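Input: a single structure, listed below in structure tokens.
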Amino acid sequence: MKWLDSFFEKKTRQVAQSASRRSALVKVGKLFVGTAFILPVLPFDRMNPNAHAAEGKKKVDVDDETSCDYWRHCALDGFLCSCCGGTVTTCPPGTEISKVTWVGTCRNPHDGKDYLISYNDCCGVAQCGRCFCNRNERERPGYRLGVHNDINWCMANTSNTYNCTVAAIVGVGEPRG
């Protein structure tokens, strides 16, 4: 083991003769600053690591309007009106549809087409509290107000009390080609 000690002693002396403490600190500082800019752009998975564990076991019903797996609910964040006395496109009695909305593009598994879905909150009565869904497929950051689903969209109505959310088809995507 003496050879290992002498090797490291020799290398340490060479570095000490050719570099100052100040230059070593500058190099370490550059390394930290460079790392601070590179690490945030590296891809990483923000999802729950166990989120996909049971996918193969359960059968998804894309036609059940009271399920979060219903194909129109791909960008929905809130309570489903179909569980609260309304339907997938109509608000429950005693509520009014929000004057502002957010949109999402969902693929219908039956015909393979993409549909533009308008998500409108139903306002005026306390929260329904049933069938909560939080699907954020292709959601955009909060600074793009028109495509962000974490906002109380009842803000433009007389009553800004949120009850549930409907998902109405407003357009169909044209095939690319």
Residues Cys154, Cys131, Cys164, sorted so that the one with the fewest Cβ neighbours within 10 Å comes first: Cys131, Cys154, Cys164
Distribution of pairwise C-alpha distances over region 71-172, 10 Å bins, in %: 18, 51, 28, 4
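All of the numbers you see were taken from the coordinates with simple rules; none came from a lab. Keep in mind it's a predicted model, so treat the numbers as computed, not measured. All Cβ positions, glycine included, derive from the backbone under ideal geometry; neighbour counts span all protein chains shown.
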